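K.L.:
After the structure tokens below, expect a handful of questions from me.
The values are calculated or read from the model by the stated rules, or taken from the named source; none is laboratory data. Because the structure is predicted, anything quoted here is derived from the model rather than measured. Cβ atoms come from the backbone with ideal geometry, glycine included; neighbour counts cover every protein chain shown.
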Amino acid sequence: MTQNFVDTTVEPDNGVAFLTLNRPEQRNPLSSEAMREVTAALRKLGGDDTTRVVVIRAEGPVFSAGHDLKEMIGRTLEDEQAIFDTCVEMMQTVQDIPQPVIASVQGAAVAAGCQLAASCDLVVASSDAVFGTPGVKIGLFCSTPMVALSRAIGRKRALQMLLTGDTIDAATAADWGLVNIVVPAAKLADETNALARKITKASPLTVKIGKQAFYQQIELPQNQAYEAMADTMAANAVTCDAQEGMQAFVEKRAPQWRGK
């Protein structure tokens with residue numbers, strides 16, 4: 001598929017892949033076509049064993065202003081449902097692929113743009129970034145962004161953003177748990193890449209097991225989570241990479257990952 005809204009590049013030396021939203025003049029809207037392209041690119045990278053980490057970033061001063069409202073005016077219920085089904089599919093794919101996904105956010109990440117950042121496994125934001133769910137101001141409550149946002153920052157803070165439509169700055173987003181790292185704008189790319197490369201030093205198999213396990217256990221009651229994760233950790237422990245890693249630690253040497 002020809003990608004018109006998203007550019008994909010991969011650093012072959014370390015397996016860091018970059019998905020870049022490339023419509024800065026339109027504030028990188030998440031149109032249906034853009035979301036389908038992101039989903040297709042994520043699935044392709046997810047099936048590539050040489051890709052270790054995926055970074056979602058954007059050109060221009062804005063990360064994403066959310067849905068393309070022009071394609072949502074004068075449509076049928078079926079048309080609107082198709083748009084939001086496409087959105088849900090993209091957000092779930094972010095978490096379904098085995099590689100960690102990092103959002104690198106500058107400027108505004110609002111509405112579905114905020115949802116995309118919240119859906120990523122990690123978020124690095126420039127100090128000028130702002131996050132918001134302003135749909136209430138135009139009569140369209142940010143119900144799908146609410147799913148990711150409430151899981152990232154909790155009920156009261158999510159409802160504050162959702163009911164007022166106000167944005168929060170990067171420092172507040174970090175304090176609330178929406179953002180991992182805040183850096184000066186000039187250092188956003190470097191700090192994002194440094195985080196991605198740090199992750200690539202780990203066993204890709206172990207990272208895959210860990211990401212899947214995290215999302216499996218996070219919504220379970222504690223006793224069920226412990227039961228499931230005990231099974232997961234036992235299965236992890238007998239993999240070649242876990243055995244190699246433990247042996248390397250005992251022998252005080254660098255591990256040699258085999259991906260098994």
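K.L.:
Scan the stretch 156-197 for residues that are under 17 Å from the mean Cα position of the chain (by Cα) and under 29 Å from Asn14 (Cα atoms) and report the count.
P.N.:
Looking only at that region, the number is 17.
K.L.:
Test Ile153 against the stated conditions and say whether it is under 19 Å from Phe18 (Cα atoms), surrounded by 16 or more Cβ atoms within 10 Å (Cβ to Cβ) and within 18 Å of the chain's Cα centre (by Cα).
P.N.:
Numbers: under 19 Å from Phe18 (Cα atoms): no; surrounded by 16 or more Cβ atoms within 10 Å (Cβ to Cβ): yes; within 18 Å of the chain's Cα centre (by Cα): yes.
It is false that Ile153 is under 19 Å from Phe18 (Cα atoms), surrounded by 16 or more Cβ atoms within 10 Å (Cβ to Cβ) and within 18 Å of the chain's Cα centre (by Cα).
K.L.:
Give the residues of the stretch 12-67 that are farther than 23 Å from Val124 by Cβ, modelled with pLDDT of 95 or more and not in a helix (DSSP H, G or I), sorted by residue number.
P.N.:
Selection gives Ser31, Gly47, His67.
K.L.:
If I filter the stretch 98-110 for residues that are modelled with pLDDT of 95 or more and in a helix (DSSP H, G or I), do I get at least one hit? Write out each step before concluding.
P.N.:
To start, the set of residues in the stretch 98-110 that are modelled with pLDDT of 95 or more comprises 98-110.
Then drop every residue that is not in a helix (DSSP H, G or I), which leaves none.
Checked the stretch 98-110: no residue is modelled with pLDDT of 95 or more and in a helix (DSSP H, G or I).
K.L.:
Tell me whether the stretch 134-155 contains one or more residues that are assigned to a strand (DSSP E or B), of a type outside the set (Asp, Glu) and over 26 Å from Lys44 (Cα atoms). Show your work before the answer.
P.N.:
Initial filter on the stretch 134-155 (assigned to a strand (DSSP E or B)): none.
No, the stretch 134-155 has no match at all.
K.L.:
I've got another one for you. Just for the stretch 1-51: of the residues that are among the charged types (D, E, K, R) and under 25 Å from Trp257 (Cβ atoms), which one is surrounded by the most Cβ atoms within 10 Å (Cβ to Cβ)?
P.N.:
Glu11
K.L.:
Of the residues Asp68, Asp49, only one is under 29 Å from Ile209 (Cα atoms) and either out of contact with any Cys (no Cβ under 7 Å at 6 or more places or on another chain) or not aromatic (Phe, Trp, Tyr) (or both); which?
P.N.:
Just one listed residue meets the conditions, Asp49.
K.L.:
Pairs, please: C-beta under 7 Å, at least 6 apart or cross-chain, first residue in the same structural domain as Ile209 (by TED's automatic domain parsing) and in the stretch 239-250, second assigned to a helix (DSSP H, G or I)?
P.N.:
Cβ pairs passing all conditions: Thr239/Leu205; Asp241/Leu205; Asp241/Thr206; Ala242/Thr206; Ala242/Asn236.
K.L.:
How many residues are exposed (fewer than 13 other Cβ atoms within 10 Å of the Cβ) and more than 28 Å from the chain's Cα centre (by Cα) when one looks only at the stretch 225-247?
P.N.:
Of the residues in that region, 3 qualify.
K.L.:
In the stretch 68-91, which residue that is in a helix (DSSP H, G or I) and polar (S, T, N, Q) is surrounded by the most Cβ atoms within 10 Å (Cβ to Cβ)?
P.N.:
Of the stretch 68-91, the ones in a helix (DSSP H, G or I) are 69-72, 77-91.
Still in the list and also polar (S, T, N, Q): 81, 86.
Numbers: Gln81: 11, Thr86: 19.
If we take residues in the stretch 68-91 being in a helix (DSSP H, G or I) and polar (S, T, N, Q), then Thr86 is surrounded by the most Cβ atoms within 10 Å (Cβ to Cβ).
K.L.:
Let me ask something else. Mind checking which helices (runs of 4 or more DSSP H) fall wholly inside the stretch 188-260 and carry at least 1 residues that are modelled with pLDDT of 95 or more, under 30 Å from Ala118 (Cα atoms) and of a type outside the set (A, V, I, L, M, F, W, C)?
P.N.:
Because the criterion is at least 1 residues that are modelled with pLDDT of 95 or more, under 30 Å from Ala118 (Cα atoms) and of a type outside the set (A, V, I, L, M, F, W, C), the helices (runs of 4 or more DSSP H) in the stretch 188-260 that meet it are 188-200, 204-217, 222-237.
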